[in-house]
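Derivation of every value follows stated rules applied to the coordinates shown; laboratory data play no part. Here the structure is a predicted model, which is why all the values come from computation and not from measurement. Because the Cβ atoms are built from the backbone with ideal geometry, glycine has one as well, and the counts that use them run over all protein chains shown.
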């Protein structure tokens, strides 16, 4: 699919939800007056939480929030792919499987049986997986949640007919730009910023606390070095595993780092 | 009475609610044969993967249950754990927890009123259409919603999954300059909120009185938000630790959320339940305004829910302004906490109603097991009961589209957060 506008007129846009907290689509609903401006510039075909319901009409751009976690999801994501020009996965659930991906390390069926008195009525896959595990994804916007400005930048790039930009740099670079003192160097706090993708604006260090990796792995993340440093700061191996196994537990780089620690091959 | 008829109405995806639900209605021979609010939002097993987590991780993890009310989850968890650990918040942190929570009420209520609920009452399919006929009102609503978000930003750096809460207080404290700026905005927003209340009160709604029990958090001196006991309109007053003796959850096959009952009855939580129980704690200015517009409390008409949200927006703005008066940056925004084994229980008023948490903790400060009862699963049985009563009151002989719209209006009165409701699935046995 070309990034040029396929036809003149307002681009048709859909927002779809899979397993999620609704927080990423909320970045549209939290745009304030910009939401009304945006609504005049695009044709919002499907966005259940905002009202429009039409999952079957073809669209130029589909934003997909949430992870694939039920048998019905498997079919629905194929349907969306077939009816969408650009498919953009937004947020940690859609890009890494999300916090609910933590169940991938456990036995999902056993959990269902423990929780529900009618387990047969619950359709849930064993694993929570990102959109890219099932269909071609044209662009991924990481973050838990993605921010309004990030979303607007993507929509505006599309309106201008240019490729959206991606920030794969580390949170550390954002701290430096903002002039925040390093919480790890100055206070010995076990911060994930060195391996975490930028985009949030280093919000956690701005409050003097640790980044906890909600934007997922950055490019060239040196998780071995960070795990070793966490060890020097006094974290137990179990605590270090938990640092990598949180919001983006199934992101390959974080999962590999955790598995390496679990099997004890880290030194 | 016109001819008896049989119809089946299926709304496969409910629009303008948070999360995924559907409605099945079957009318046979002029009577309701089947009525189900189906919640099919997939389960996310939060309570299971909280097991083994350190207490310091809990606020960031439970936030992810809901993008619309993360503050409610963070503050309830913190309150429960601080109580177990014997942590006494300093007065600054205690006041700012309430301010932070007010931000979420303002944001969530204004979003619900303008983007989700109000379009129904103006013949519009969504807020964009509503903005064409009521542009000033929708823009005012979006501004108020934005101010709620800003208030959360002050303490949490962002409004969806804020990062500021820690056990013992907050990670950081906003500067005096930012608070001064916020006070100006809050002061300017109060007349806007009053105009919103008058606008909401003028929206014609059905007269649909029903008998139900209201349940909400109650506090001896405040309109309860971030702390209090649990009260009911039949006179019940219990501590949060006695919840299980009066409230029961069960699983129905047509829903991934659990149903709660109070003494085997459906019950109401949320803004109208809170106003019904706690209206005497409203400030005098707002009570005068309610008298002026003729809003009599307690109310048995769930169609007053939109107005109730507008009233709580005013209250939240007023409370935030009051608590930020004379603001000083504290020496430390948090006090240290030392974990202790035991059971941590807490409850607060999420925008949609009572939210109850229980964590069994080990002596290393890690979760042994967790249970969370969100407002929407508590309202689920009440919504089905209301739909049944309200449809009979409305009349089953209306055209299908009118019946469907009426059902959707009834459901939206509760502002169901299906994402929340589904994410609290716990060890449960049929009782």
Applying the gyration tensor rule to the Cα atoms of the range B:46-422 (axes a ≥ b ≥ c; rounded if a/c under 1.5, else prolate if a/b exceeds b/c, else oblate), the class is oblate
Ordering B:105-114, A:242-251, A:166-175 by per-residue average of other C-beta atoms within 10 angstrom, highest first, gives B:105-114, A:242-251, A:166-175
Expressed in nanometres to one decimal, the distance between label points 7 Å along Cα→Cβ at residue B:329 and residue B:402 is 6.3
Rounded to the nearest 10 degrees, the helix B:135-156 long axis (Cα) sits at an angle to the longest Cα principal axis of chain B of 30
Expressed as a whole-number percentage, the relative contact order of chain B with C-alpha contacts under 8 angstrom and at least six residues apart is 26
Note: A:32-39 gets an average of partner chain Cβ contacts (10 Å, Cβ to Cβ) equal to 5
Restricting to Cα pairs under 8 Å and 6 or more apart, the percent relative contact order of the range A:171-262 works out to 25
Cα-based Debye curve of the protein assembly as shown sampled at q = 0.05, 0.09, 0.11 Å⁻¹ gives log₁₀ I(q)/I(0) of -0.22, -0.74, -1.16
Quick note on B:292, A:138, B:386, ordering by fewest other C-beta atoms within 10 Å, gives B:292, A:138, B:386
CD proxy, 222 nm, chain A: helix-only mean residue ellipticity via -39,500 (n - 2.57) per DSSP H run with n ≥ 4, per residue, nearest 500, stands at -10000 deg cm²/dmol
Check: C-alpha center the range B:195-257 vs C-alpha center the range A:39-109, spacing in Å is 33
The distance between the Cα centres of the range A:216-239 and the range B:62-87, in whole Å, is 27
Asserting the computed 222 nm helical MRE of chain B (DSSP H runs at least 4 long, -39500 (n - 2.57) per run, divided by residue count, to nearest 500) equals -13500 deg cm²/dmol
By the C-alpha gyration tensor axes a ≥ b ≥ c (rounded if a/c is under 1.5, else prolate when a/b exceeds b/c, else oblate), the shape of the range A:12-160 is prolate
With R₀ set to 30 angstrom, the calculated FRET efficiency between the beta-carbons of residue B:195 and residue B:300, to the nearest 0.05, is 0.65
Computed over chain B: longest principal axis from alpha-carbon atoms vs helix B:91-111 long axis, angle to nearest 10 degrees, is 20
The helix A:148-160 Cα axis meets the longest alpha-carbon principal axis of chain A at an angle in degrees, between 0 and 90 and rounded to 10, of 40
Between residue B:33 and residue A:72, the FRET efficiency computed from the C-beta separation at R0 = 25 Å comes out, to the nearest 0.05, as 0.45
Note on the range B:87-178: alpha-carbon gyration tensor, axes a ≥ b ≥ c; rule is a/c under 1.5 for rounded, else prolate if a/b larger than b/c, else oblate; result prolate
In nm, the gap between the two label points placed 7 Å beyond Cα toward Cβ at residue A:236 and residue A:153 is 4.0
Counting only DSSP beta bridges fully inside the protein assembly as shown, the antiparallel percentage to nearest 5 is 70
At R0 = 45 Å the Cβ-Cβ FRET efficiency linking residue B:88 and residue A:185, nearest 0.05, sits at 0.90
Simple spin-label estimate for residue A:110/residue A:263, 7 Å along Cα→Cβ, in nm, reads 2.2
